[in-house]
Amino acid sequence: MKRVAFVFALLLPLSLCAQRNSVAAGSSNPKVRAITAFVRLDANAYETQIAEALAVLRRAQSEFAAAGYDVESIRITTQPLAELVAGMSEDEALDFLARFDRLSAKENFLLNVGPAMMHDSDDPATMRLLERALSTLPNIEASTIIADEAGIHWKTIERTAELVKYVSEHSLHSQGTFNFAATAMLKPLGPFYPGSYHTGAGKQFAIGFEGANVVRDVFAKDKGNADAALADLTAALTIHAEVADEIGNKVAAATGWSYVGLDPTPAPLGDVSIGAAIEAFTGAKFGSSGTMTAARIITAAVKAVPVKQTGYAGLMVPVLEDKLLAQRWAEGTYNIDSLLAYSAVCGTGLDTVPLPGDVTVEQLERMYADVASLAFKWNKPLSARLQPVMGKNPGDRTEFQDPYIFNTTLHPLP
């Protein structure tokens, strides 16, 4: 997940959360990865609506700063793409998205235009628009939904595979695919990108932490002790979750927007590594025996956090966004089958998984189908971000040009 790193310097008067600074200012204090607003835009008045959303987001950002937390990104998720551009030709829609993309860069927020297909009955023409947008616009993020309570969406899976293959071949350094995910059994109003979406009236917001360092600290203390790790991790995550809950409710009361909850998933990024956290518990490389146990502990702790929850509420294992995970992928300590196995006990899926450039649409379809099948069977949210790299073969090293993507060695296709 591409991130815009900045700190909003304006501090509001100290809230009740500031009273927790003695706890929150410690070494385990996580960043706030995302404060995400959900809006239903009118294409003729979107700039005013965006300005209103940004005022809410920046107010929340200021409250977190006053409580001792850095905020890494503020985000805006719109209604699903087909609804956003209804009545426009494809070229008109692409021009609108380009203006929206530039506005997000100017105002320093991340932008998600929701799913291009939510059901097999949706018009696949929207996917063509999204192919062009992801291949040419640097900031737009989006998704498809490949399974929900009604079942697995096989036509959407087919069109998703075609989109990812196209974008890998038409975007600079094949990087456009990082702004896209296929989700399965994920409910609306989650803060994390690219799977975030909503279908309602908007004027809502959610929060997510970058909390892998919290897990690392607990696991280093409770190495190998599952019961202690579960209890201590639940307590540690709850400290920060309660701060988020208090800030969310305070901002909601002040603005009239609705706070829909926290996704307590301890997201990693770079050196804030979930892979390193799990290794601290197992004492072995990620992918070794014990990795699944650690994944189960994290997910159980997350779900036990006693605040209003939204989104994945599990575990993220993004191969290319976590520096240590990228290294272990190159070493071959885990693979696609490993990630699918861990997904049986947590919310992993296949996140930022690099693939050789000659992967076929049919092979991509089978990978998405596996994620959808697992998610539907166990009624749990999973996602898939697959990254074919044009011109690269098994054994080659990736050459992505992004400070939040860590290069690794490509595996042969299973």
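The values are calculated or read from the model by the stated rules, or taken from the named source; none is laboratory data. A quick note: this is a predicted structure, and the numbers were derived from the prediction, not measured. Don't worry about glycine lacking a Cβ; one is built from the backbone with ideal geometry, like all the others, and counts go over all protein chains shown.
Test residue 399 against the criterion of being closer than 21 Å to residue 155 by Cβ and of a type in the set (Asp, Glu), and give yes or no.
no
Could you say whether any residue in region 140-153 is part of a helix (DSSP H, G or I) and either in contact with a His (Cβ under 9 Å, 6 or more places away or on another chain) or more than 18 Å from residue 374 (Cα to Cα) (or both)?
No - not one qualifying residue is present in region 140-153.
Out of 104, 135, which single residue is surrounded by fewer than 24 Cβ atoms within 10 Å (Cβ to Cβ), touching a residue at least 40 places away in the same chain (Cβ under 8 Å), touching a helix residue (DSSP H, G or I) at 6+ places or on another chain (Cβ under 9 Å) and of a type in the set (S, T, N, Q)?
135
Name the residues in region 300-325 that are buried (at least 24 other Cβ atoms within 10 Å of the Cβ) and assigned to a helix (DSSP H, G or I), would you?
Residues satisfying the conditions are 301, 302, 325.
Only one residue in 195, 248, 208 is in contact (Cβ under 8 Å) with a residue 60 or more places away in the chain, assigned to a strand (DSSP E or B), surrounded by 24 or more Cβ atoms within 10 Å (Cβ to Cβ) and not hydrophobic (A, V, I, L, M, F, W, C), so which one is that?
After ruling out the rest, the residue left standing is 208.
How many residues does region 59-89 contain that are among the aliphatic types (A, V, I, L, M), in contact (Cβ under 8 Å) with a residue 24 or more places away in the chain and part of a loop (DSSP other than H, G, I, E, B)?
Residues in region 59-89 being among the aliphatic types (A, V, I, L, M), in contact (Cβ under 8 Å) with a residue 24 or more places away in the chain and part of a loop (DSSP other than H, G, I, E, B): 3 in total.
Tell me the residue from 126, 78, 136, 144 that is of a type in the set (Val, Ile, Thr) and farther than 21 Å from residue 168 by Cα, please.
Result of the check over 126, 78, 136, 144: 78.
Conditions (1) assigned to a strand (DSSP E or B); (2) under 21 Å from residue 311 (Cα atoms); (3) over 17 Å from the mean Cα position of the chain (by Cα), marked per residue:
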site	(1), (2), (3)
333	no, no, yes
337	no, no, yes
340	no, yes, yes
346	no, yes, no
354	yes, no, no
364	no, no, yes
383	yes, yes, no
386	yes, yes, no
395	no, no, yes
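In this structure, is residue 279 under 19 Å from residue 216 (Cβ atoms), more than 16 Å from the chain's Cα centre (by Cα) and surrounded by 22 or more Cβ atoms within 10 Å (Cβ to Cβ)?
So residue 279 passes the test.
Restricting attention to region 41-59, does a residue exist that is closer than 30 Å to residue 150 by Cα, modelled with pLDDT of 95 or more, surrounded by fewer than 24 Cβ atoms within 10 Å (Cβ to Cβ) and in contact with a Gly (Cβ under 6 Å, 6 or more places away or on another chain)?
So far as region 41-59 goes, no, none of its residues is closer than 30 Å to residue 150 by Cα, modelled with pLDDT of 95 or more, surrounded by fewer than 24 Cβ atoms within 10 Å (Cβ to Cβ) and in contact with a Gly (Cβ under 6 Å, 6 or more places away or on another chain).
Check region 120-137 and report whether any residue there is more than 29 Å from residue 356 (Cβ to Cβ) and either assigned to a helix (DSSP H, G or I) or among the β-branched types (Val, Ile, Thr) (or both).
The answer is yes, given that some residue of region 120-137 is more than 29 Å from residue 356 (Cβ to Cβ) and either assigned to a helix (DSSP H, G or I) or among the β-branched types (Val, Ile, Thr) (or both).
Give the residue that is surrounded by the most Cβ atoms within 10 Å (Cβ to Cβ), with candidates limited to residues of region 330-355 that are farther than 20 Å from residue 314 by Cβ and out of contact with any Gly (no Cβ under 9 Å at 6 or more places or on another chain).
Per the stated criteria, the residue is 354.
Does at least one position in region 89-99 carry a residue that is at pLDDT 95 or above and more than 19 Å from residue 137 (Cβ to Cβ)?
Among the residues of region 89-99, not one is at pLDDT 95 or above and more than 19 Å from residue 137 (Cβ to Cβ), which makes the answer no.
Which residues, counting only those in region 276-307, are in contact with a Lys or Arg (Cβ under 8 Å, 6 or more places away or on another chain) and under 10 Å from residue 215 (Cα atoms)?
The answer is 276, 277, 280, 281.
Would you please list the contacts, defined by Cβ atoms under 6 Å and residues six or more apart or on different chains, that run from a residue in region 143-160 that is more than 14 Å from residue 367 (Cα to Cα) to a residue that is in a helix (DSSP H, G or I)?
144/156; 144/160
Out of 254, 267, 236, which single residue is touching a residue at least 24 places away in the same chain (Cβ under 8 Å), outside any helix (DSSP H, G or I), under 21 Å from residue 35 (Cα atoms) and small (Gly, Ala, Ser)?
Checking each option against the conditions leaves just 267.
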